[in-house]
Amino acid sequence: MKIIKAKDYNDMSKKAAGIFFSQITLKQDSVIGLATGSTPIGTYKKLIEMYNANDLDFSEVKTVNLDEYVGLSGESDQSYRYFMNSNLFNHINIDKANTHVPNGLASDKELESENYEKLIKSLGGIDMQLLGIGTNGHIGFNEPNDCFDKYTHEVNLTESTIKANTRFFASEADVPKTAISMGIKTIMGAKKIVLIANGSAKADIIYDSCFGPITPNVPASALQLHPDVTVIVDEEAYATIAAKLK
Ligand code: F6R
């Protein structure tokens, strides 16, 4: 696990975008795993800037997103499909047919999950996966105490995740209670992983994920077992690591 300390959110976003820039430059038809949430917005902005500067070509890139809320259509502005279109896909030359997000409206969630795994396999696997992290250590929507051995599946969101995500909805009652998410096993199957985190609220969980015991209690701790993980954190998220290294 490589840990890169960035100065601030902007620097973290620049460094993360730079890694994806290199990946897509080296392999134009890369399969990129993407995340939603507040953390990657800056990274997506930097990638759009690189595209606008004619430095990056997404025409052959394929993407697979980590997760989607159950019950929301892609047209709903709280859905992760909508988020990806408005924060990245609408601004670059990617073919939307090459962008994939689980279908939150699928009537058979198990079949949708199986098909999502088949899709990832048919694309040749994920070359590079971008991750954010929840304050409880979740990656994708893999919440604490689920097992590491799962592929894409329907998950029940925890109370703390529902609370954290209420900021995107009119009220807590509107936050979907379940989602379809790549499992830890799907994420661990990516050839390379880049995890980004900023802000003091993420400091303890970043320390626990990178240096604590490997346990389903802290889903992101599974990443310690992956051979190619880069963690990029701003100074605030690095604080607990810095304090313990003193
Ligand atoms: C998003 C996702 C989540 C977020 C996490 C952090 O697709 O899978 O794991 O990465 O909840 O969210 P933010 O970045 O909003 O703090």
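The values are calculated or read from the model by the stated rules, or taken from the named source; none is laboratory data. Just so we're clear, the structure is a prediction, and the values are computed from it rather than from any experiment. Cβ coordinates were reconstructed from backbone atoms using ideal geometry, including for glycine residues, and neighbour counts include every protein chain displayed. Only protein heavy atoms, including side chains, enter the accessible area calculation; ligands, DNA and RNA are left aside. Shrake-Rupley method; radii C 1.70, N 1.55, O 1.52, S 1.80 Å.
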Subject >> Residue in segment 79-89 that is within 23 Å of GLN23 (Cα to Cα), in a strand (DSSP E or B) and within 14 Å of the ligand (Cβ to nearest atom) present >> reply: no
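Considering only strands (runs of 3 or more DSSP E) fully contained in segment 127-246, which possess at least 3 residues that are of a type outside the set (A, V, I, L, M) and open to solvent by 10 Å² or more (accessible area, probe 1.4 Å)? Give the steps one after another, and end with the answer.
Values: elements: 128-131, 153-156, 178-181, 192-197, 229-234.
Qualifying strands (runs of 3 or more DSSP E): 153-156.
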**OP:** Would you point out the residue of segment 4-58, among those that are open to solvent by 40 Å² or more (accessible area, probe 1.4 Å), part of a loop (DSSP other than H, G, I, E, B) and within 16 Å of the ligand (Cβ to nearest atom), that is farthest from LEU88 (Cα to Cα)?
**Re:** ASP8
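Tell me, please, whether a residue that is within 16 Å of the ligand (Cβ to nearest atom), open to solvent by 40 Å² or more (accessible area, probe 1.4 Å) and not acidic (Asp, Glu) can be found in segment 104-122.
Kept after step one, since they are within 16 Å of the ligand (Cβ to nearest atom), are these residues of segment 104-122: 104, 113, 116, 120.
Among the residues that remain, those that are also open to solvent by 40 Å² or more (accessible area, probe 1.4 Å) are: none.
For segment 104-122, residues within 16 Å of the ligand (Cβ to nearest atom), open to solvent by 40 Å² or more (accessible area, probe 1.4 Å) and not acidic (Asp, Glu): absent.
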Original post:
LEU72 is checked against (1) open to solvent by 10 Å² or more (accessible area, probe 1.4 Å); (2) in a helix (DSSP H, G or I); (3) among the hydrophobic types (A, V, I, L, M, F, W, C) and fails just one. What number does that condition carry?
Top reply: (2)
**OP:** Give me a count of the residues in segment 130-148 that are β-branched (Val, Ile, Thr) and touching a Pro at 6+ places or on another chain (Cβ under 6 Å).
**Re:** 1
